[in-house]
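The structure under discussion appears below in the form of structure tokens.
Taken together, the values in this text are just the output of simple stated rules run on the coordinates, not laboratory data. Keep in mind it's a predicted model, so treat the numbers as computed, not measured. No Cβ is skipped: glycine too gets one built from the backbone with ideal geometry, and neighbour counts run over all protein chains shown.
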């Protein structure tokens, strides 16, 4: 370990305190929050941290393939040395000072490649940071590379022809989910302290569930998208934080969130500092369990039982769990999703119109773009009304419940050799993303949604539950998450790492 100036000092981490002498010997075993304080107190140097993470990445990343487009080790050690020199001069950059961080490969970080998982953009070097990445850099993070995603982030299976496929942290033969699959796997395998991600169709939540970590989709507008060509209409995707635990997720949200005048629909209220968050009391806390929407959604066997076992455990701590079914035609919601998804992907038509580039697109991308052809304005207007009705249907439920719950996925992690499941049980999936339908409710509501782990099935495959809160109540959702984390032990189960398949 590094210098001794912080030894014996009790360090406050949220509601916890930890003696510096009790810090894990391996820096990669520290949560991001604990690591932050250890660095600030000079109990460990940034060079030691970087060396530990690079050694772990070199050992395991060839198998799991979570981190791509890595910066050279020598350059990263130099940056860590500069971080130590700054601390020696009492210059503290922020809570991520000197911490290794890999940026999702759908976001731009100046000087790093942004491939979007597409051979069309492979090797493209970003000239500037996206806003949320600039905010992470400003907190002192050292960018070590990118995290793997599906091509253009489409589909919840992180494979692409540029960087290959990412394996699951708990079984690298299985998928890590997506599109933030590299981010989730990188954290769960302790190759990263924390991770940024993004979410259109469950891309923070699904890989969170598949890798037994936290994924938080903020309220729409909480994390502004800058730059963006469309400032007003595109309201499906958002960037957001992932963490090994809830506290780390809260800290990273505080870094990424905040109003920006270049994003006119961004929220103007602020997220309080992490030390202001407190566990929600579960006594009398009302949870609306939407389950599979009265049998509308097909679920892999055992998945609902695992989720309900966790919810029943909450009742032992005073929570009230009751069945909940929004007054809405779920088939109408799916058609609404298809309309907005096709419409959003219509902006990629220039790629489609270029025969050479079209040849490089995966079939699912082509299908999405073609779905936007000749779409009448009346169809978009109909979808907009349906989305509004869906929001109102969920809003009505909050008259009876504090939070709403639904499984994070409809299947457990599957073979990474499969692009997407074409069936659940015996029911055929008619699109490449129909098996993920359970996540669209959270997206289309625009409300904050957190994935929390529910444990593992008999094959050791992780799963999670989505908890949906009121619009703008991100803090309340995460304070519930703190309470949930305190009465469950799923995050304590680490993956058994392998060095070869």
Options 131, 82, 76: the member that is more than 23 Å from the chain's Cα centre (by Cα) and over 19 Å from residue 41 (Cα atoms): 76
Hey, residue 429 buried (at least 16 other Cβ atoms within 10 Å of the Cβ), without any contact (Cβ under 8 Å) to a residue 24 or more places away in the chain and either under 30 Å from residue 462 (Cβ atoms) or touching a helix residue (DSSP H, G or I) at 6+ places or on another chain (Cβ under 7 Å) (or both) or not: yes
Matching option when the condition is touching a helix residue (DSSP H, G or I) at 6+ places or on another chain (Cβ under 7 Å), crowded, with 24+ Cβ neighbours inside 10 Å and assigned to a loop (DSSP other than H, G, I, E, B), among 206, 212: 212
Any hit, the range 330-338, residues being loosely packed, with under 15 Cβ neighbours inside 10 Å and part of a loop (DSSP other than H, G, I, E, B): no
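Consider residue 344 carefully, then state whether it is within 30 Å of residue 161 (Cβ to Cβ) and surrounded by 14 or more Cβ atoms within 10 Å (Cβ to Cβ). Working first, answer last.
Numbers: within 30 Å of residue 161 (Cβ to Cβ): yes; surrounded by 14 or more Cβ atoms within 10 Å (Cβ to Cβ): yes.
Spelling it out, residue 344 is indeed within 30 Å of residue 161 (Cβ to Cβ) and surrounded by 14 or more Cβ atoms within 10 Å (Cβ to Cβ).
Going by what's in this entry, would residue 447 be described as more than 16 Å from residue 178 (Cα to Cα) and either touching a helix residue (DSSP H, G or I) at 6+ places or on another chain (Cβ under 9 Å) or in a strand (DSSP E or B) (or both)?
Criteria met by residue 447.
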Output for the range 390-421, where each listed residue is crowded, with 16+ Cβ neighbours inside 10 Å and more than 21 Å from residue 202 (Cα to Cα): 397, 398, 401, 402
Residue check for residue 217: buried (at least 20 other Cβ atoms within 10 Å of the Cβ), more than 16 Å from residue 107 (Cβ to Cβ) and touching a residue at least 40 places away in the same chain (Cβ under 8 Å): no
